[in-house]
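Before any comments, here is the structure.
Values in this text are rule-based calculations from the coordinates and carry no lab data. Bear in mind the structure is a predicted one, so any value in this text is a computation, not a measurement. Neighbour counts are summed over all protein chains in view; Cβ atoms, including those assigned to glycine, are modelled from backbone coordinates with ideal geometry.
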Amino acid sequence: MGMMTVRNIPDDVHSAIKARARRHNRSAEAEVRAILEEATQSERSIPMGDALAELGRKVGLTNEDFAVLEQMRDNTAAEPVSFE
């Protein structure tokens, strides 16, 4: 496992981490690991709908744009694929 040293943590942040660790009945080091795991896990597993909504916001799509796309959408059922 990798190791990391973080220097110059502001006193209020350090105190908040220690308080959070006490609430979760673990050491400050274990609490920091949990925070890092949670932060990186949430980045890796974004639901598809959320990712698409964020992409739409980034490119400036509006509700009117989505209404036009919905009108253009082909609603016929897709044919099943045959691999024979």
- [ ] Among the residues of region 23-60, count how many are of a type in the set (Lys, Arg) and surrounded by 12 or more Cβ atoms within 10 Å (Cβ to Cβ).
- [x] 2
Open item on the list: Quick check on my filter: what residues within region 16-58 are in a helix (DSSP H, G or I), closer than 21 Å to Met1 by Cα and more than 20 Å from the chain's Cα centre (by Cα)?
Closed with: Ala28, Glu29, Ala30
TODO: Could you pull out the residue among Phe66, Phe83 that is outside any helix (DSSP H, G or I), on the phi < 0 side of the Ramachandran plot and among the aromatic types (Phe, Trp, Tyr)?
DONE: Phe83
Open item on the list: Within region 2-11, does at least one residue satisfy the condition of being assigned to a helix (DSSP H, G or I) and either surrounded by 12 or more Cβ atoms within 10 Å (Cβ to Cβ) or of a type in the set (Lys, Arg) (or both)?
Closed with: no
